[in-house]
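Remarks on the structure that follows.
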Amino acid sequence: MRLAFCGNDNASAYNISAGVLRNVCFVDALNLVPHVFLLFITFPILFIGWGSQSSKVQIHHNTWLHFPGHNLRWILTFTLLFVHVCEIAEGIVSDTQMKSRHLHLFLPAIMGFVAATVSIVYYHNIETSNFPKLLLALFLYWIMAFVTKTIKLVRYCQDGVPFSQLRFCITGIMVILYGLLMAVEINVIRVRRYVFFMNPQKVKPPEDLQDLGVRFLQPFVNLLSKATYWWMNTLIISAHKKPVDLKAIGKLPIAMRALTNYVCLREAYEEQKKKVEDHPNRSPSIWLAMYSAFGRPILLSSTFRYLADLLGFAGPLCISGIVQGFQNTTNNTNSTEKEFLRNVYVLAVLLFLALILQRTFLQASYYVTTETGINLRGALLAMIYNKILRLSTSNLSMGEMTLGQINNLVAIETNQLMWFLFLCPNLWAMPVQIIMGVILLYNLLGVSALVGAAVIVLLAPIQYFIATKLAEAQKSTLDYSTERLKKTNEILKGIKLLKLYAWEHIFCKSVEETRMKELTSLKTFALHTSLSIFMNAAIPIAAVLATFVTYAYTNDRPLQPAQAFASLSLFHILVTPLFLLSTVVRFAVKAIVSVQKLNEFLLSDEIGGDSWRGVDSSVPYESCKKHTGLHTKAINRRQPLRYQLESYEQPARKQTRPVEIDDVAIKVTNGYFSWGSGLATLSNINIRIPTGQMTMIVGQVGCGKSSLLLAILGEMQTLEGKVHWSNVNETEPSFEASRSRNRYSVAYAAQKPWLLNATVEENIIFGSPFNKQRYKAVTDACSLQPDIDLLPFGDQTEIGERGINLSGGQRQRICVARALYQNTNIVFLDDPFSALDIHLSDHLMQEGILKFLQEDKRTLVLVTHKLQYLPHADWIIAMKDGMVLREGTLKDIQNKDVELYEHWKTLMNRQDQELEKDMEADQTTLERKTLRRAMYPRESKSQLEDEDEEEEEEEDEDDNMSTVLRLRTKMPWKTCWRYLTSGGFFLLFLMIFSKLLKHSVIVAIDYWLATWTSIDNANEARNTYHVAVFSILSGAGIVLCLITSLTVEWMGLTAAKNLHHNLLNKIILGPIRFFDMTPLGLILNRFSADTNIIDQHIPPTLESLTRSTLLCLSAIGMISYATPWFLVALVPLGIAFYFIQKYFRVASKDLQELDDSTQLPLLCHFSETAEGLTTIRAFGHESRFKQRMLELTDTNNIAYLFLSAANRWLEVRTDYLGACIVLTAAVTSITEGPHSGFVGLGLLYALTITNYLNWVVRNLADLEVQMGAVKKVHSFLNMESENYEGYLDPSQVPKDWPKEGEIKIENLCVRYENNLKPVLKHVKAYIKPGQKVGICGRTGSGKSSLSLAFFRMVDIFDGRIVIDGIDISKLPLHTLRSRLSIILQDPILFSGSIRFNLDPECKCTDDRLWEALEIAQLKNMVKSLPGGLDAMVTEGGENFSVGQRQLFCLARAFVRKSSILIMDEATASIDMATENILQKVVMTAFADRTVVTIAHRVHTILTADLVIVMKRGNILEYDTPENLLSQEDGIFASFVRADM
């Protein structure tokens, strides 16, 4: 049959006698012209490319500048394409009913489709190269197309074609679309003036795109890329090559930055405040403020959501249409709309398009809410931060606002609100969805549908009940795990003591007890989780059962496949909103609570304005405005500013301090100040602080010295009176003004040292320009250099909360250094000597205060208790009980108030005596020693790690990048297997078996439904039989749902229990070296974060993963069973899916890590600011800290934004894949054509796949991240334990061993680990029973190693120690350690009662304990405590002084009746008085015991019976002290001389 454009079966086809335009065929041909014209013009331009005339503006992305009407054009083009598809379909359907081929029915439509596609591609290219002149081609095309279509429409009208006919509708719509596109094109010409106008419009790309740092392009790309996240491809693919870091994700676009959103929200909130000003009892509404700031995007998102939900109902309707079309395939020649819509192929294509659109809208809705939520969170964080900076100090100190509350606001409340916003559109979309669903069901099945819906609605409240129970269980779990962590932390901190006293098991048991409680509450948590999962799976089964059984018995007509499968699919749609509703309601309730908390916080008291800094506090701001360039740089980039300012530094120094007219820097007149309670803490204050001199404030503890400083700084409430800051001479040049903009700011060092989480250098410089000489002078004055040298990276070491722990004295010196370094006129030091020993105090006074500050002529106010420095003061203020007692110079006071002067004198004498004692106890060296101890083990560990890493890297370089990539893309299957088996094989088998069974039953239910509905003749018996089988299957399905959800949770619990148990036991039995080398935080992390993931996150992820995977597999199996041809189409789809998940998993993991790692600094910054409020405000550095907060917030937000964009990227792709599966399933089943029931079944399953595909990938990605926790725990489980078994049985050791306490050390060699050098080499010694032995030597000589050797804490690889005739290496460790006593250098107490601390094994009587306390001189103190022996000790024994703690340790050693006591530098950290007690006790109470003392200070062992001097692991001198002292040139003698 020859092909002819107008068909062969009609002779009059080419007849034009009635006029050319009357011929249908000719009009159709005319319609071809514009399309062909467009293709001819645009193809050459597209192919030749525009390399030659690309835009003048070089933007780094090929995005940018949208022509006006950009989005409208894309939408219209897409609509046009859809209408073209309809036209093609209509043409083909009509053509099949003709006798011969009529090409003119569909060829123009196909060409139109091609042309429309080309037009949008062409437009996109013109837009990216910003060359609008070429748009003329499109303009002409729209005009021509519009004209030809209009001719066709007019022709139809003349022929009297009825409106109801499809062809007429299509043509009409086309005319409108072409007209609109023409209007859009004209608008572009109007705005851009690229033609017909003299001066074309110049345009610039948006600011964000000129900045190369912005990588988040969602707001700037074209509509198609926005909808499919095409621009993310580069990032996701590059993640495969190298990990995503902060550089790769760049900066936030301006519109999403925290500052932008903060300004929005603050304005809205201020408006709300204005509204309620007249009503004192109403508080401003944050809800309304949030709505006015972020309302529009939420509405947009809701619109998308509604569209998506309505399109979701296309699925069931199309299924019912297709299945019906199968049952009655009829031929009809007239093509009206109804006919057209009954065509099965048309329905299949419609279903595909509806799915694609629905999913696109849904993802768009998700994205918009996510973005708005992130914006809201940024704005809230900025609001909270600004409020923190203005909080009145009394609020924080009086406990109205604790740091914990502030941290909760930041970490929890803002996130609650963000999550609420994410789920917000669900609140109003769900009811609509439910109502629509019920109406459609009623249409399909009549009354019986309502039965099913009722089942769902009645079971929904149970879901809500379960959800609330879940939240409760989670809370109690959290409480227990906090308690467990506290105990674990104590164990790890005191692990050395526990091992030496052989008490590990007692403490281990107490942790296990808490863990059991935690597991019990985890069990309820798991039970409720599995119930919730069960409800979710069982409700649809129950509803379907109820519905179909009712239908079978109430209706005469049998159930049709079309009805059955459409209603099944509707039930699936209905369950989701009902399941989510409980979650959404719960979040809504939480959000309401969060908003109340926020409001309370935002309305709490604020500090007064800047009034107290003198009238001219605006001066610095004015001068900053003049030098905006300088000022902004100071905020953004520290580096350039340093160099600019260094050149001014020297000459400027002299001029910065102008001669003040008044010689008083600060004057307080008639001041009454309070801490917010209304009662004056300071009253009747009249003082002046002279300029350029040193003022000292002295007085007893608690008389208001620190409060006075804070009152001057404006931190207290002024009840009356005035603080006057003297004016500045303002004739200096303006640059000087900006240079010394800290004129009104004060350098202030608080009593409690406050450090930033930053390097030492940053802590000292504190935002000032760096000047090397000044920095060196300051660190020397505070004698920080030796401490800095100890740190692993010098002054670039991180200190602070997350950094290295420094001792109190070191922290305080850094704070003083910060105050000295700042270039301010006034310096306030609040008791800077309190944590320093005498050498340091003197050095600081001489070098820092007298030299450094006085040379600079800075005004200094010093609060101190050290009266010996009074002679240095130029002006003294003596305080008592919140009043000023005396004011004046020392001479004045000497003359006027003799009594006070004498009182001071006696105090000074007493202090001098203490000094002499103190000279011996050199605290600093001790601090440095502990620091060195803390640092160096870590360092050796990190060196070891580095070496390992280097080796690994070398190996890797051979295989090049490929192995790295393989590792990054490979799932950790091995770890997964370890996790699954740690739950036990029986449970694992049960889980797999029940899962498979459950899914087979669910498939069987649907299969049975298909066979039941496909039978034509229905008699009563058959019906009953079908219903019975159906009910049995459904019941079995429901039961299996419960069983599977329970087994998964149960398995997860068992695994969690076993992993934690093994981990705890492994760690507690680990060698001491492990604890020296592994940072405490690292071990604790395994018990906190990682255990939490194993407990609570892995089981649900695993459940969800197996469920969605099995659902997808059973669906694919079902479709392939119905239509085997589907398997062929599955291959390309499978390949696509594999690559999508592979790329996504890698990128998602990196982005998740980035999100986590950027959250911590943000939270720390908040808590840091709240702690250091007074310091920040005194320095006047609020703006710098705000800037830092905004940067941190933005960094975290961009990571989170990219993470959610990556999730959208994945979901859009898997959804489109799902849509393709539906299309192939529909087409293959139609062409194959089995009976209708199975077609319905196949399509129903294809639709479920679309929902579950992305869950498979996301759960895989989550599981991969979570398995990291299991891996980390496992890495500890492979550690060596100490060898606890001995050669001797514990029963063979005499009960009272060691009785005498005779020690023989024979040729002893000791090392810490097999691969390290020996620390003791061939040591020989003999100690008689009851001897007192002293061991001394320099640091690192092996003294402590010897003491550890007695307890076998170190590796004895040669020689032996024999105690009372038994070689200790043959004893079981527990026996050995439980029979010796030791007092350690650092006194360690545990939280619990005093009784527990002395005798955790509960073996002794009370009398024995009191006796021990009496010996340690603690009896009276303990008696005075509430509860006596049962009085509580806080964590670490913080409620006792260091000396008392050391005495407790002594009592503890006495309680254990051991004939050998070892004292390891036990007197190093205590004062003289306590030391004397200790010495006495050792001589009397331990007279009959052997005592080995390792001495820090030699004079403590002068009374010993035997002295051993060690050096580098060898014994040098070994004799009585008298003999050793008589050797003039001996080492011991030189030690004693140095110590005197």
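I'd like the full set of residues that are part of a helix (DSSP H, G or I) and under 16 Å from Ala747 (Cα atoms), limited to region 1165-1182.
Of everything in region 1165-1182, those that are part of a helix (DSSP H, G or I) and under 16 Å from Ala747 (Cα atoms) turn out to be Leu1173, Thr1174, Thr1175, Ile1176, Arg1177, Ala1178, Phe1179, Glu1182.
Are any of the residues in region 167-188 farther than 30 Å from Gly91 by Cβ, charged (D, E, K, R) and under 50 Å from the mean Cα position of the chain (by Cα)?
no
Kindly indicate whether any position in region 305-321 is over 28 Å from the mean Cα position of the chain (by Cα), buried (at least 18 other Cβ atoms within 10 Å of the Cβ) and outside any helix (DSSP H, G or I).
Checked against the condition, which is being over 28 Å from the mean Cα position of the chain (by Cα), buried (at least 18 other Cβ atoms within 10 Å of the Cβ) and outside any helix (DSSP H, G or I), region 305-321 yields at least one hit.
Quick check on Asn1523: is it open to solvent by 20 Å² or more (accessible area, probe 1.4 Å), over 15 Å from Lys1332 (Cβ atoms), polar (S, T, N, Q) and within 58 Å of the chain's Cα centre (by Cα)?
For Asn1523, the condition - open to solvent by 20 Å² or more (accessible area, probe 1.4 Å), over 15 Å from Lys1332 (Cβ atoms), polar (S, T, N, Q) and within 58 Å of the chain's Cα centre (by Cα) - is not met.
Hey, could you check region 1074-1129 for residues that are part of a helix (DSSP H, G or I) and in contact with an Asp or Glu (Cβ under 7 Å, 6 or more places away or on another chain) and say which is surrounded by the most Cβ atoms within 10 Å (Cβ to Cβ)?
Pro1099
From the set of residues in region 1326-1339 that are open to solvent by 10 Å² or more (accessible area, probe 1.4 Å), out of contact with any Gly (no Cβ under 9 Å at 6 or more places or on another chain) and not charged (D, E, K, R), which is nearest to Lys1457 (Cα to Cα)?
Residue satisfying both the conditions and the ranking: Tyr1326.
When the residues of region 1436-1472 are filtered to those that are part of a loop (DSSP other than H, G, I, E, B) and among the acidic types (Asp, Glu), which remaining residue is modelled with the lowest pLDDT?
So the first thing to find is which residues in region 1436-1472 are part of a loop (DSSP other than H, G, I, E, B), and the list is 1438-1441, 1456-1459, 1465-1471.
Filter once more, keeping what is among the acidic types (Asp, Glu): 1438, 1465, 1471.
Values: Glu1438: 71, Glu1465: 71, Asp1471: 62.
Filtering first and then ranking leaves Asp1471.
With (1) open to solvent by 70 Å² or more (accessible area, probe 1.4 Å); (2) of a type in the set (Ser, Thr, Tyr); (3) modelled with pLDDT of 85 or more as the list, and Thr906 as the residue in question, which single condition is left unmet?
Unmet for Thr906, out of (1) open to solvent by 70 Å² or more (accessible area, probe 1.4 Å); (2) of a type in the set (Ser, Thr, Tyr); (3) modelled with pLDDT of 85 or more: (3).
Looking at Val728, Val701, Val723 in this structure, which one is of a type in the set (A, V, I, L, M), modelled with pLDDT under 90 and surrounded by fewer than 18 Cβ atoms within 10 Å (Cβ to Cβ)?
Going through Val728, Val701, Val723 in turn, the sole match is Val701.
Restricting to region 133-190, count the residues that are within 18 Å of Thr42 (Cα to Cα) and either open to solvent by 70 Å² or more (accessible area, probe 1.4 Å) or touching a strand residue (DSSP E or B) at 6+ places or on another chain (Cβ under 7 Å) (or both).
2
Going by what's in this entry, would Leu209 be described as surrounded by 18 or more Cβ atoms within 10 Å (Cβ to Cβ), under 26 Å from Thr370 (Cα atoms) and out of contact with any helix residue (DSSP H, G or I) (no Cβ under 9 Å at 6 or more places or on another chain)?
yes
So, Ile1383, is that one in contact with a strand residue (DSSP E or B) (Cβ under 8 Å, 6 or more places away or on another chain), modelled with pLDDT of 85 or more, open to solvent by less than 10 Å² (accessible area, probe 1.4 Å) and under 30 Å from Val1498 (Cβ atoms) or not?
No; evaluated as a whole, the condition is false for this residue.
Quick one: which residue in Thr524, Thr488, Thr520 is in contact (Cβ under 8 Å) with a residue 40 or more places away in the chain and open to solvent by 20 Å² or more (accessible area, probe 1.4 Å)?
Thr524
When only residues in region 1071-1102 that are of a type in the set (D, E, K, R) and at pLDDT below 85 count, which is farthest from the chain's Cα centre (by Cα)?
Step one: filter region 1071-1102 for residues of a type in the set (D, E, K, R), giving 1073, 1076, 1086, 1090, 1095.
Now restrict to residues that are at pLDDT below 85: 1073, 1076.
Details: Arg1073: 32, Asp1076: 29 Å.
Per the criteria, the residue is Arg1073.
Checking Thr1024 against (1) under 30 Å from Arg1213 (Cβ atoms); (2) surrounded by fewer than 17 Cβ atoms within 10 Å (Cβ to Cβ), which single condition isn't satisfied?
Going through the list (1) under 30 Å from Arg1213 (Cβ atoms); (2) surrounded by fewer than 17 Cβ atoms within 10 Å (Cβ to Cβ), Thr1024 breaks only (1).
Each row is one residue, and each column tells you yes or no for (1) modelled with pLDDT of 90 or more; (2) of a type in the set (Phe, Trp, Tyr).
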| site | (1), (2) |
| --- | --- |
| Phe196 | no, yes |
| Thr234 | no, no |
| Glu267 | yes, no |
| Glu270 | yes, no |
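Filter region 773-831 down to the residues that are in a strand (DSSP E or B) and without any contact (Cβ under 8 Å) to a residue 60 or more places away in the chain, then identify the one that is least open to solvent (accessible area, probe 1.4 Å).
Ile799
From the set of residues in region 1387-1404 that are assigned to a loop (DSSP other than H, G, I, E, B) and under 14 Å from Ala1451 (Cα atoms), which is modelled with the lowest pLDDT?
Going through the qualifying residues, I end up with Pro1387.
Does region 1405-1420 contain at least one residue that is outside any loop (DSSP other than H, G, I, E, B), surrounded by fewer than 22 Cβ atoms within 10 Å (Cβ to Cβ) and within 48 Å of the chain's Cα centre (by Cα)?
Taking every residue of region 1405-1420 in turn, none turns out to be outside any loop (DSSP other than H, G, I, E, B), surrounded by fewer than 22 Cβ atoms within 10 Å (Cβ to Cβ) and within 48 Å of the chain's Cα centre (by Cα).
So Leu288 fits all but one of (1) at pLDDT 90 or above; (2) touching a Gly at 6+ places or on another chain (Cβ under 6 Å); what number is the exception?
Failed condition: (2).
Among the residues of region 212-239, write down those that are of a type outside the set (A, V, I, L, M), surrounded by 17 or more Cβ atoms within 10 Å (Cβ to Cβ) and part of a helix (DSSP H, G or I).
Correct list: Ser225, Lys226, Thr228, Trp231.
Could you check region 459-471 and list, in sequence order, the residues that are open to solvent by 80 Å² or more (accessible area, probe 1.4 Å) and modelled with pLDDT under 85?
If the condition is that a residue be open to solvent by 80 Å² or more (accessible area, probe 1.4 Å) and modelled with pLDDT under 85, then Tyr464 is the only one that fits.
Taking the conditions exactly as written (hydrophobic (A, V, I, L, M, F, W, C), open to solvent by less than 80 Å² (accessible area, probe 1.4 Å) and in contact with an Asp or Glu (Cβ under 8 Å, 6 or more places away or on another chain)), does Val244 satisfy them or not? Give the derivation first.
Numbers: hydrophobic (A, V, I, L, M, F, W, C): yes; open to solvent by less than 80 Å² (accessible area, probe 1.4 Å): yes; in contact with an Asp or Glu (Cβ under 8 Å, 6 or more places away or on another chain): yes.
Judged against the criteria, Val244 is a match.
Give me the pairs: first residue in region 439-452 and without any contact (Cβ under 8 Å) to a residue 24 or more places away in the chain, second residue among the β-branched types (Val, Ile, Thr) and open to solvent by 30 Å² or more (accessible area, probe 1.4 Å), beta-carbon distance under 8 Å, and six or more apart or on different chains, which are they?
Short answer, once both residue conditions are applied: Leu450/Val438.
Name the residue that is nearest to Leu708 (Cα to Cα), counting only residues in region 869-898 that are open to solvent by less than 40 Å² (accessible area, probe 1.4 Å) and touching a helix residue (DSSP H, G or I) at 6+ places or on another chain (Cβ under 7 Å).
Met879
Out of the residues in region 1060-1071 meeting the condition of being open to solvent by 10 Å² or more (accessible area, probe 1.4 Å) and part of a helix (DSSP H, G or I), tell me which one is farthest from His528 (Cα to Cα). Walk me through it before giving the result.
As a first pass, look at region 1060-1071 and keep what is open to solvent by 10 Å² or more (accessible area, probe 1.4 Å): 1061-1062, 1065-1066, 1069, 1071.
Right, trim to part of a helix (DSSP H, G or I) and you get 1061-1062, 1065-1066.
Details: His1061: 24, Asn1062: 27, Asn1065: 30, Lys1066: 32 Å.
By that ranking, first place goes to Lys1066.
Looking at Gly1286, is it in contact with a Leu (Cβ under 6 Å, 6 or more places away or on another chain), part of a loop (DSSP other than H, G, I, E, B) and either free of Cβ contacts under 8 Å to residues at least 40 places away in the same chain or not acidic (Asp, Glu) (or both)?
Taking the combined requirement at face value, the residue satisfies it.
Kindly list the number of the only condition in (1) within 16 Å of Glu490 (Cβ to Cβ); (2) open to solvent by 50 Å² or more (accessible area, probe 1.4 Å) that fails for Gly1427.
Status for Gly1427: all satisfied but (1).
The values are calculated or read from the model by the stated rules, or taken from the named source; none is laboratory data. Note that the coordinates shown come from a computational prediction; the quantities given were computed from them, not determined experimentally. Don't worry about glycine lacking a Cβ; one is built from the backbone with ideal geometry, like all the others, and counts go over all protein chains shown. The protein model used for the area step is the full one, side chains on, heavy atoms only, and it has no ligands, DNA or RNA in it. Shrake-Rupley method; radii C 1.70, N 1.55, O 1.52, S 1.80 Å.
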